[in-house]
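Asks: What follows is a single structure, and I will ask about it in a moment.
Nothing in this text is a laboratory measurement; each read-out follows from the coordinates by a stated rule. This structure is a prediction, so every number in the text was calculated from the model and none was measured. We place every Cβ from the backbone using ideal geometry, glycine too, and count neighbours over all the protein chains shown.
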Protein chains: 2
Amino acid sequence: MILDGKKIKNDLLENFKEKIKTEKLYIKLAIILVGNNEASKIYIKNKEKACDYVGIKVEKYLLEENITENDLLKLIDKLNNDTNTTGIILQSPIPSHLDFDKCSNYIQASKDVDGFTKENIYKLYLGKKTILPCTVKGIIKLLEIYNIPIEGSNAVIVGRGNIVGHPLSLALLNKNATVTVAHSKTKNLKNITRNADILISATGKPHLIQKDYVKKDAVVIDVGVSRVNGKIVGDIDFREIVDIASFITPNPGGIGPMTVAMIIDNLIEMEERKRKVENKNINFAHDKNRQ
Amino acid sequence: MILDGKKIKNDLLENFKEKIKTEKLYIKLAIILVGNNEASKIYIKNKEKACDYVGIKVEKYLLEENITENDLLKLIDKLNNDTNTTGIILQSPIPSHLDFDKCSNYIQASKDVDGFTKENIYKLYLGKKTILPCTVKGIIKLLEIYNIPIEGSNAVIVGRGNIVGHPLSLALLNKNATVTVAHSKTKNLKNITRNADILISATGKPHLIQKDYVKKDAVVIDVGVSRVNGKIVGDIDFREIVDIASFITPNPGGIGPMTVAMIIDNLIEMEERKRKVENKNINFAHDKNRQ
């Protein structure tokens, strides 16, 4: 069965749109792009389109390639302190004279849409409620929507990057999967992946995962994105594996759309949390007035 | 072959003693104990004994069971600011009216002997140089001393606690092992553990790991500590497995002593780092004077 990320995304966006309208949520996303990376521009366009559709305001900050770290941090500081800004995305990659780790960690944890700050990763590590990185959340949401059990399953993740593989391993462990992380130094990769009930590949190596890498009836999720002769190719050899897997994501049309939907999901969660805090403060003020 | 943690610890302590003496390292460890936990007192005694032996000063702070969080934080603050204190250990567990996570994170990262603060865990997550939790470091050191290759091996960790299992999974991943984390929700545990080249159990379930859980010639490491009829019993059924494993830790006498040795190792590392920073500052001051 196909895990139809595109359709699920569209359904989710409808729900989000309705929710934002009826609950009168005012949400604003700030996106910071440094320089002129063409791929980044396409990613940002996709985010903008989804935000527009559901009624989230997007403010883009297009900064010069040679901006100083200090100026970038000043902008983030301003957005951290702006009560109208719900969330902030610092689009990666940024030019090499800027320290991405330092700059992205400058984003206040409660406005960290991507869930990559120290604060949020530490909570993820401890198994506490946190803002999940969007791709990680998209994978888990897709599994949940198709009623695929995570608890007690053998999940094998190929790739250990800080955007997907690594945080996903923590998130699936929190969901009580038995988690294996494989990578470029893994020996006999197919012996490892053949143990997977849920196999997730996030390496960017075109068609790394072949037919004989997959157990019958496994759930197979493709997060890889490569370009081969101008075409997007995933990590998974879809055509060879579609008949072996019980569930499989197409690529494109699988995890990509889910990631975009989860940006909106995170923003709504953040706005709701903000409202709760504000309401508490209002109630607290009322209580004080009553004393 | 037996992985003789006790012997290795003694050898290491000799080296540490020599190093501290010849390099004239002045190291002071502050240990904070809240309340009267008997097991904690034994652990602290072991740490003190090793420190005494190598020439590290230990200052114990024995606090009343009912101390306020504020007073505990004040003490940690004082120790953070004391230039003569090299490292701080807040002995767990602490009474339940105190938030261990909050209090232990109050320890300055550079004085965090246990390596459990947010700062140090985040570095471990990112694969950067950090202060490793002592048991984790003890396991890795033992493997390295016996020339057991970690890179490319299939490491299976049973248990995902924040003291051993969880940080160990990050550390072994950084060492390029293929890492699987199994736990109480894992189904068919023995099918998982039988894939291990290196099997580490840290659950505290007496003799959880039986003969049929272990592949021939695997390396088997026992971190579990339980008391059965007053005797210390590990996770591993040693007698049944000693002939199957290529290497195996006894318990007691395996990882326990290594953990104590790594406290000293961390303290020396911290003192050396401090000296480097101080020397830099002195050089910087000299440079300024020359201008």
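Asks: Mean separation of Cα pairs under 8 Å and 6+ residues apart, divided by the residue count of region B:1-127: what relative contact order is that in percent?
Replies: Computed value for region B:1-127: 26 percent relative contact order.
Asks: Working out 0.36 nm times the residue gap between A:Val228 and A:Asn10, then minus their Cα-Cα distance, what length gain in nm do you get to one decimal?
Replies: 75.7 nm
Asks: Enumerate the amide H contacts of B:Ser153 below 5 Å, restricted to partners 5 or more residues apart or on another chain; note that Pro and chain-start residues carry no placed amide H.
Replies: The answer is B:Thr178.
Asks: Tally Lys/Arg at +1 and Asp/Glu at -1 over every other residue whose Cβ is under 12 Å from the Cβ of A:Thr178; what's the total?
Replies: Computed value for this residue: +2.
Asks: Taking the Cβ of B:Val260 as the center, what net charge do the other residues with Cβ under 9 Å away carry, scoring Lys and Arg +1 and Asp and Glu -1?
Replies: Local charge sum for B:Val260: +3.
Asks: I'd like to know how region A:11-109 sits against the 2.2 N^0.38 Å rule of thumb: what's its Cα Rg over that expected value?
Replies: The value comes to 1.15.
Asks: Calculated from DSSP H runs of 4 or more alone, at -39500 (n - 2.57) each and per residue, what is the 222 nm mean residue ellipticity of chain B, nearest 500?
Replies: Rounded to the nearest 500, it is -14000 deg cm²/dmol.
Asks: How big is the charge dipole of region B:13-108 about its Cα centre, in debye rounded to the nearest 20, if each Lys and Arg gets +1 on its Cβ and each Asp and Glu gets -1 on its Cβ?
Replies: 480
Asks: What is the helix-to-structure angle for A:5-22, meaning the angle in degrees between its Cα long axis and the longest Cα principal axis of chain A, kept from 0 to 90 and rounded to the nearest 10?
Replies: 20
Asks: Additional query: Nearest 0.05, what FRET efficiency do B:Glu38 and A:Thr83 give at R0 = 41 Å with Cβ-Cβ as r?
Replies: 0.20
Asks: Mind giving me the nanometre distance, one decimal, between the label points for A:Ser246 and B:Ile2, set 7 Å out from Cα along Cα→Cβ?
Replies: For A:Ser246 paired with B:Ile2, the spin-label model returns 4.7 nm.
Asks: Right, here's the next one. Where nothing but the Cβ of Lys and Arg (+1) and of Asp and Glu (-1) is charged, how large is the charge dipole of chain A around its Cα centre, in debye to the nearest 20?
Replies: Taking the Cα centre of chain A as origin, the dipole is about 400 debye.
Asks: Assuming R0 = 22 Å, what is the FRET efficiency of B:Lys19 and B:Lys276, from their Cβ-Cβ distance, to the nearest 0.05?
Replies: Once rounded, the FRET efficiency stands at 0.90.
Asks: Same structure again: Given the convex hull of the Cα atoms of the protein assembly as shown, what is a quarter of its surface area in nm²?
Replies: Approximately 32.3 nm², given one-decimal rounding.
Asks: Using a Gaussian network model of chain B with C-alpha springs under 10 Å, which one of B:Asn120, B:Asn37, B:Asn174 is most mobile by mean-square fluctuation?
Replies: B:Asn37
Asks: On a 0 to 90 degree scale, rounded to 10, what angle separates helix A:69-81 from the longest Cα axis of chain A?
Replies: The two axes meet at around 70 degrees.
Asks: Also, I was wondering about something else. If you add up the charges near B:Glu240, with Lys and Arg at +1 and Asp and Glu at -1, over every other residue whose beta carbon is less than 15 angstrom from its beta carbon, what do you get?
Replies: Residues close to B:Glu240 contribute a combined charge of +1.
Asks: Give me the Å³ per residue figure for the convex hull around the C-alpha atoms of region A:90-239.
Replies: Per-residue hull volume (Cα only) is 136 Å³.
Asks: For the rotation that superimposes chain B on chain A, which residue of B has the C-beta lying nearest to the axis, and at what distance in Å?
Replies: Per the B/A rotation axis, the closest residue of B reads B:Thr180, 2.
Asks: Calculate one ³J(HN,Hα) per residue across region B:38-50 by plugging θ = phi - 60° into the Karplus curve 6.51 cos²θ - 1.76 cosθ + 1.60, and present them in order as whole Hz with x for glycine and proline.
Replies: With coefficients 6.51, -1.76 and 1.60, one gets 5, 4, 4, 4, 5, 4, 5, 4, 4, 5, 4, 4, 5 Hz.
Asks: Right, next: Shortest first, in nm, what separates the label point of B:Lys187 from those of the same position in the other copies (7 Å along Cα→Cβ)?
Replies: 3.0
Asks: Round to the nearest 10 and give me the degree value, 0 to 90, for the angle of helix B:134-145's Cα axis relative to the longest principal axis of chain B.
Replies: Around 70 degrees separate the two axes.
Asks: Follow-up. Given A:Lys19/A:Lys141; B:Lys60/B:Lys111; A:Lys6/A:Lys49; B:Lys19/B:Lys141; A:Lys187/A:Lys216; A:Lys28/B:Lys118, which pairs have Cα atoms separated by over 20 Å?
Replies: From the list (A:Lys19/A:Lys141; B:Lys60/B:Lys111; A:Lys6/A:Lys49; B:Lys19/B:Lys141; A:Lys187/A:Lys216; A:Lys28/B:Lys118), the Cα-Cα distance tops 20 Å for A:Lys187/A:Lys216; A:Lys28/B:Lys118.
Asks: Scale the Cα Rg of region A:158-271 by the rule-of-thumb value 2.2 N^0.38 Å and send over the ratio, two decimals.
Replies: 1.07
Asks: Can you tell me the Rg and Dmax of chain A, counting just the alpha carbons, in angstroms?
Replies: 20.1, 72
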